[in-house]
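A short write-up of the structure that comes next.
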Amino acid sequence: MTDYPRIGIRPTIDGRRGGVRESLEDQTMGLAQRVAELLSAELRYPDGTAVQCVVAGSTIGGVAEAAECARLFARSGVGLTVTVTPCWCYGTETMDMDPHMPHAVLGFNGTERPGAVYLAAVLAGYAQKGIPAFAIYGKDVQDAGDDSLPEDVRERLLQFARAGLAVALMRGRSYLSMGGVSMGIAGSVVKDDFFSDYLNMRTEYVDMSEFSRRIEQGIFDPDEYATAIAWVRENCVQGADRNPDHLRLSDDEHREQWEYVTKMALVGRDLMVGNERLAELGFGEEALGHNALAAGFQGQRQWTDGRPNGDFMETILNSSFDWSGIRAPYILATENDALNGVSMLFNYLLTNTAQIFADVRTYWSPEAVHRVTGHTLEGTGADGLIHLINSGSATLDGTGRARDDGKPALKPFWELTQADATACLEAATFHPASRGYFPGGGFSTRFQTEGDMPATMCRLNLVRGIGPVLQLAEGYTVALPPEVHTVLDERTDPTWPTTWFAPTLTGVGPFSSTYDVMNAWGANHGAISYGHIGAHLITLASMLRIPVNMHNVPAERVYRPRAWGLFGSQEPEAADFRACATYGPLYG
C-alpha cells in the first residue's frame, strides 16, 4: 500500500483530577475509537484499501498531552484531525494548532456533561487564532451511556473526512504539464502559485518532444507494449473513417498509428508516475517519473499537426481498466487545461471514480431540438440539454455501461467487474481522427453516455483580483432516442464522445433555467463526476479557501467551517467569499 495520509483522532477530556477526569476516561476514549472505526469502515484510499486512523495514545486534558499527540501525529503521517469529547475541556490548551491541516471537533450532545460547551469554546478559540475548524454536533440529546453515533453525526464526520483526505492526498504531489498552452486556452496557462499556495503541489513540465524521444529510442517496457498492442487490436473497435477521401489513411498507416498511440499511452503514464521496469532496461532517470497526481497533454496544435493525437492516450489512462486489467484511473486533462485537470482531481479524490473531461459545448433548447429533430424533450431534460462533448477523448467509464444494482453507474475500480469493463469497451468505437482538426491523425473515442445517472459538473476558474473560484452544477445525464442523438451529434463531430446533461434547476439565479446554467459557465471545459457530490466539493473548497460562486446544492447539505458564519449568515455565498479572502490560501 502507498503511504497514504492518516486521520488523527484526538480524545479531549476535562483535565481535573480527583474523580472528574477519571470518570470520563472510558467514555472519551470509547468515543474516539468508535469514530475511528466508522471512518476506517466507510472510507477508502485511491487504491481501495481502508483509510487508517491514528488515535492519540491517551486522552488530552492539557497542553502537554496536546503536544505529545501532535508529535505522535507527525510521526504517523496524519493529514487531518478530528477532536472528540463528551465533556468540558480546556479550550485553547487542548486544541490542535496546525494551520495547514483540516480540523473538526465533535462535541457530544448530552446534558450530564457539556460537550457542546467545549465545542463552542474551542471553536471560538480557532476563530480567534485564524484556524478554521468544522463543528460536529448531533441534533438530538443523547443519554450519557449512549455510545452510538447518530446518523447526522456520521454524515458530518464522513463529509469532513472525505474532503480532508482530498486535501492531504494532494499535499506534496505534482501536476505534470506535458507541453504548453493549447490554442490560447487560458486554463492551460499553468499557474505555479495557484498549485503551491492552494494545493501544496509542484508543477512539473516536459516538452512534448519527450514522447518522440522515448518512442524512437524505445524507452518503454517492450513486454508491456506487446501485451498492450495485442489487447488494443482485440478489444478496440475501429469505427468508420469520416474524413474526405483525400485525407483518409491506408490500412497500413492506421495500423502504424495504433502502434504509435499505444506507445504514447505507455510513455504518458511513465512520465506521470514512473516505471521501475525502465531502470532494469538502463533508463534510471526516466524510471522515476514526476510524482504526478494529475497531468495534462497539450496536443493541439504543435503535436497534432504532424503526429497522431493524444485522444487514445487520454481515453485509456482516464479509464479504470486497460491491458493490465482493472486498475485505478489516472487524471489526464485534454489540451493541458490544468484548471479542468484540477477539477477532475477534486472529483476523483472525493469519489475514487473515473472522471469525464468535456467541452461545455452547446445548449439545446426544447424548441431547437424539436425544430431539428421533431422530438419533444420530456422529463429531466424538458427545459433543454447541455451537450458535453470532448474533441476526441473521454474515460470509457463514461459510457455508463457499468452496473450498480442494475442501474448505470461509474464505480470505484475495486467494485468494477470484468463484465462492466467489457460492456464499457463494447459501447465505444475508435474512429480515425478528423484530419481537419488533427492533420497528424490518431484515433478519437466515440460513445453516448447512458441516461438517468446522477452527475455533478464542476469547474475551477481563476479571476484576477480574487484568485480561484469554483462553480458546480448537480443534475442528471439524459438518454436521447438513437435517431435524435444522431441528428444532434452529427452537427458537431460524429467521432467524439457525448454526454447529454440536464442540471437540476432551483428557479434562482443561474439555476433559473438550463440556458442560464450554460450561460453562467466560466470556461469552455467542465469535469463531470458520477453522483451528486456538490456538497463534498463545497466542503473541500472551503478547506482550501476557494470560494464557490455558483452551485445548486440545498442549504442543509452545505458544510463549511463554523467561522464562515461569523462573516455573515444571511448571504452564505458572500460570506464564503469574505472568509476565503480573509484566511487566504491554505499554504500561502
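Quick notes on this one:
- For the range 6-170, the Cα gyration tensor yields ellipsoid semi-axes of 23, 18, 15 Å (square root of five times each eigenvalue, largest first, whole Å).
- A straight Cα-to-Cα reach below 20 Å connects K129 with none of the lysines, residues fewer than 8 places away in its own chain not being considered.
- The charge dipole of the chain, taken about its Cα centre with unit charges on the Cβ of Lys, Arg, Asp and Glu (plus for the first two, minus for the last two), comes to roughly 1320 debye.
- Relative exposure of M101, M313, judged by other C-beta atoms within 10 Å (fewest first): M101, M313
- Ordering K139, K407 from the fewest to the most neighbouring beta carbons within 10 Å gives K139, K407.
- Contour excess over end-to-end distance, with Cα ends at S324 and R464 and 0.36 nm allotted per residue: 46.0 nm
- The ellipsoid that matches the Cα gyration tensor of the range 174-583 has semi-axes, each √(5λ) in whole angstrom, of 34, 27, 19, with the longest given first.
- Distance between the pseudo-spin-label points of K129 and Y515 (7 Å out from Cα toward the beta carbon): 5.3 nm.
- Relative contact order %, the range 356-471, counting alpha carbon pairs below 8 Å whose residues are six or more apart: 20 percent
- Ordering of 124-131, 443-450 by burial proxy (mean other Cβ atoms within 10 Å per residue, highest first): 443-450, 124-131
- Normalised by the number of residues in the range 17-128, the mean separation of alpha-carbon contacts (under 8 Å, six or more apart) gives a relative contact order of 21 percent.
- Relative contact order, percent, the chain [alpha-carbon distance under 8 Å, six or more residues apart]: 13 percent
- Calculated SAXS-style log₁₀ I(q)/I(0) at q = 0.31 Å⁻¹ - the range 290-339, Debye, Cα scatterers: -1.13
- Going from the residue with the fewest nearby Cβ atoms within 10 Å to the one with the most, S212, S148, S391 rank S148, S212, S391.
- Descending Cα extents along the principal axes, the range 349-406, whole Å: 39, 30, 19
- Estimated from helical segments only, the mean residue ellipticity of the chain at 222 nm is -10500 deg cm²/dmol, where each DSSP H run of four or more residues counts as -39500 (n - 2.57).
- Acute angle (nearest 10 degrees) that the helix 115-129 long axis makes with the longest principal axis of the chain, alpha-carbon atoms: 70 degrees
The numbers here are math on the coordinates, done by the rules we state, and not lab data. Model, not experiment: these values are computed from the prediction. Counting neighbours? That spans all protein chains shown, and the Cβs are built from the backbone with ideal geometry, glycine included.
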